[in-house]
1. Here's a check for you: in segment 1-60, which residue that is among the polar types (S, T, N, Q) and surrounded by 10 or more Cβ atoms within 10 Å (Cβ to Cβ) is modelled with the highest pLDDT?
2. Among the residues of segment 132-148, is any under 22 Å from residue 88 (Cβ atoms), in a loop (DSSP other than H, G, I, E, B) and among the aliphatic types (A, V, I, L, M)?
3. Out of contact with any strand residue (DSSP E or B) (no Cβ under 8 Å at 6 or more places or on another chain) and surrounded by fewer than 19 Cβ atoms within 10 Å (Cβ to Cβ): does that describe residue 106?
4. List every residue pair whose Cβ atoms lie under 9 Å apart, where the two residues are 6 or more positions apart in sequence or sit on different chains, the first residue falls within segment 89-111 and is over 19 Å from residue 134 (Cβ atoms) and assigned by TED's automatic domain parsing to the domain that holds residue 142, and the second residue, located anywhere, is hydroxyl-bearing (Ser, Thr, Tyr) and surrounded by fewer than 13 Cβ atoms within 10 Å (Cβ to Cβ).
Amino acid sequence: MLRGISWNSYIVVAVLVLIAWYLFVGLRFYFDDLKDLVSGKRKLQFRDLLGKPISRLDVDFDYQKSEEVLNAAVEFETVDPIFNEVEELTSRLKNAITDATQKKLLKDEFEHRLRFLLKENLLLGNSSFRPSINEFIVSECEKQESVLLTHQEVEDLWDLKN
């Protein structure tokens, strides 16, 4: 009996059964959503693996431009290795600010921790990234609602005399 069924027949029947099954599930459980899509009340939204909606700009992009951007990023990374150090410092600063917010540290203790982190990276203190790092500290303190620091106070944290 089974010898009379060819692989082609089996695949056609399997595909038709799958189509019928997904059609049944779609109509049974998603009928209202499908009706809204067809009537134009709702737009079809795709989501990435993290569940964030993907915009049309993310889907339709120019491959040639993306290659140029990728090449420029690779060149930048090889030309300026300090950038990796800046990323590491900002991540450590963010963790320190979050930790200080959770532990409700006093301003002096908080400044001492930041001064310690900044003194570990004095090379960055003498680079063109220093104003950006200072701005990051001020904005992160405001965002996390921890001890608020001014730009001048952050600038003073780089000072070796303290």
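The values are calculated or read from the model by the stated rules, or taken from the named source; none is laboratory data. In this text, all values refer to a predicted model and were calculated from it rather than measured experimentally. Glycine also receives a Cβ, built like all others from the backbone with ideal geometry; neighbour counts cover every protein chain displayed.
1. Across segment 1-60, the extreme among qualifying residues is 9.
2. Within segment 132-148, not a single residue is under 22 Å from residue 88 (Cβ atoms), in a loop (DSSP other than H, G, I, E, B) and among the aliphatic types (A, V, I, L, M).
3. On the way: out of contact with any strand residue (DSSP E or B) (no Cβ under 8 Å at 6 or more places or on another chain): yes; surrounded by fewer than 19 Cβ atoms within 10 Å (Cβ to Cβ): yes.
Spelling it out, residue 106 is indeed out of contact with any strand residue (DSSP E or B) (no Cβ under 8 Å at 6 or more places or on another chain) and surrounded by fewer than 19 Cβ atoms within 10 Å (Cβ to Cβ).
4. none
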